[in-house]
1. With the checklist (1) surrounded by 12 or more Cβ atoms within 10 Å (Cβ to Cβ); (2) part of a strand (DSSP E or B); (3) away from every other protein chain (no Cβ under 11 Å); (4) out of contact with any Ser or Thr (no Cβ under 8 Å at 6 or more places or on another chain) in hand, flag the one item B:LEU76 doesn't pass.
2. State whether one or more residues within region B:79-93 are at negative phi, modelled with pLDDT under 95, within 15 Å of the chain's Cα centre (by Cα) and open to solvent by 60 Å² or more (accessible area, probe 1.4 Å).
3. Within region A:43-60, identify whether any single residue is surrounded by 12 or more Cβ atoms within 10 Å (Cβ to Cβ), under 21 Å from B:PHE104 (Cα atoms), touching a strand residue (DSSP E or B) at 6+ places or on another chain (Cβ under 9 Å) and away from chain B (no Cβ under 12 Å), and answer yes or no.
4. Filtering region A:98-112 down to residues that are within 28 Å of B:GLN55 (Cα to Cα), more than 7 Å from chain B (Cβ to nearest Cβ) and not polar (S, T, N, Q), which residue is most open to solvent (accessible area, probe 1.4 Å)?
5. Residue check, A:ARG94 against (1) more than 11 Å from the chain's Cα centre (by Cα); (2) basic (Lys, Arg); (3) away from chain B (no Cβ under 12 Å), all met but one. Which one?
6. If A:ALA1 satisfies all but one of (1) within 14 Å of chain B (Cβ to nearest Cβ); (2) touching a residue at least 12 places away in the same chain (Cβ under 8 Å); (3) touching a Phe, Trp or Tyr at 6+ places or on another chain (Cβ under 6 Å); (4) aliphatic (A, V, I, L, M), what's the number of the condition it fails?
7. Enumerate the pairs (first residue in region B:17-42 and away from chain A (no Cβ under 14 Å); second residue anywhere and acidic (Asp, Glu)) with beta-carbon separation below 8 Å, excluding pairs fewer than 6 apart on the same chain, so at least 6 apart or on different chains.
Amino acid sequence: AQSVAQPEDQVNVAEGNPLTVKCTYSVSGNPYLFWYVQYPNRGLQFLLKYITGDNLVKGSYGFEAEFNKSQTSFHLKKPSALVSDSALYFCAVRDWLGGNEKLTFGTGTRLTIIP
Amino acid sequence: SQTIHQWPATLVQPVGSPLSLECTVEGTSNPNLYWYRQAAGRGLQLLFYSVGIGQISSEVPQNLSASRPQDRQFILSSKKLLLSDSGFYLCAWSAAGASYEQYFGPGTRLTVT
């Protein structure tokens with residue numbers, strides 16, 4: 001089975017500083033990787049995806065992610081953090097269940113931006 | 001554009017009572033539909049998925065069941081709730097053939113007392 005790992009439960013960043021939320025993956029074949037964000041008591045929102053092409057993927061709200069095949073990583077980044085970026089972030093990978101595609105999620109990283 | 005609805009938004013139910021949570025999708029046809037549970041504000045557990053009317057697959061055995069009576073309607077049920085059923089329940093949809101790109105509803109917060 002495919003899997004992703006988010007090694008940090010919590011990340012704190014000062015407002016205006018760059019932020020990075022880490023994700024590593026373990027897959028057989030070519031990885032399809034995703035980032036989602038969840039605000040309190042809300043559903044998940046899709047941020048960006050990597051399927052093929054450029055290793056730097058741009059997404060919503062100024063976020064981007066860098067696919068690194070040699071390090072099997074897909075870290076989420078933003079050049080300048082906003083307080084409104086505070087949320088729970090999930091990395092996910094395409095997986096398979098009974099011949100159908102599904103998503104396998106990481107355990108999530110809580111990002112807190114400090115004013 | 002596509003939208004996904006879930007209701008109720010919050011629910012408090014006693015142990016042993018039945019449960020019915022509803023999810024509907026608008027603006028698309030023949031979507032894949034999913035039920036997830038999120039416990040303790042963290043990880044997501046896939047409970048059920050459906051690729052068509054009447055076609056339900058379960059990820060893990062549990063006290064819950066799911067049904068898909070119409071193309072864009074997905075229902076999560078239980079005959080008798082357990083304390084451990086408490087959590088945040090999320091419905092999601094994806095286009096057929098692109099199951100990896102999922103879009104989530106607002107969720108239902110269930111507290112079993």
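The values are calculated or read from the model by the stated rules, or taken from the named source; none is laboratory data. Predicted model only: the values in this text are computed from it and were never measured. Cβ sites come from the backbone with ideal geometry, for glycine too, and all protein chains shown count toward neighbours. Side chains are part of the model used for accessible areas, which takes the heavy atoms of the whole protein and leaves out ligands, DNA and RNA. Shrake-Rupley method; radii C 1.70, N 1.55, O 1.52, S 1.80 Å.
1. That leaves (4) as the condition not met.
2. no
3. Pass one, region A:43-60, residues surrounded by 12 or more Cβ atoms within 10 Å (Cβ to Cβ): A:43-51, A:57, A:59.
From what is left, the residues that are under 21 Å from B:PHE104 (Cα atoms) are A:43-51, A:59.
Filter again for touching a strand residue (DSSP E or B) at 6+ places or on another chain (Cβ under 9 Å), leaving A:43-51, A:59.
In the following step, the residues that additionally are away from chain B (no Cβ under 12 Å) were identified as A:59.
Yes, the conditions are met somewhere in region A:43-60.
4. The first filter runs over region A:98-112 and keeps only residues within 28 Å of B:GLN55 (Cα to Cα), leaving A:98-106.
Right, trim to more than 7 Å from chain B (Cβ to nearest Cβ) and you get A:99, A:104, A:106.
The next check asks that each one be not polar (S, T, N, Q); those that pass are A:99, A:106.
Values: A:GLY99: 68, A:GLY106: 3 Å².
Here the answer is A:GLY99.
5. (3)
6. (3)
7. Between residues of region B:17-42 that are away from chain A (no Cβ under 14 Å) and residues that are acidic (Asp, Glu), the close pairs are B:LEU19/B:ASP85; B:SER29/B:ASP71.
Results for (1) open to solvent by 10 Å² or more (accessible area, probe 1.4 Å); (2) outside any strand (DSSP E or B); (3) touching a Pro at 6+ places or on another chain (Cβ under 7 Å); (4) not β-branched (Val, Ile, Thr), shown as yes or no for each residue.
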site: B:VAL12; (1), (2), (3), (4): yes, no, no, no
site: B:GLU22; (1), (2), (3), (4): yes, no, no, yes
site: B:TYR36; (1), (2), (3), (4): no, no, no, yes
site: B:GLY97; (1), (2), (3), (4): yes, yes, no, yes
site: B:LEU110; (1), (2), (3), (4): no, no, no, yes
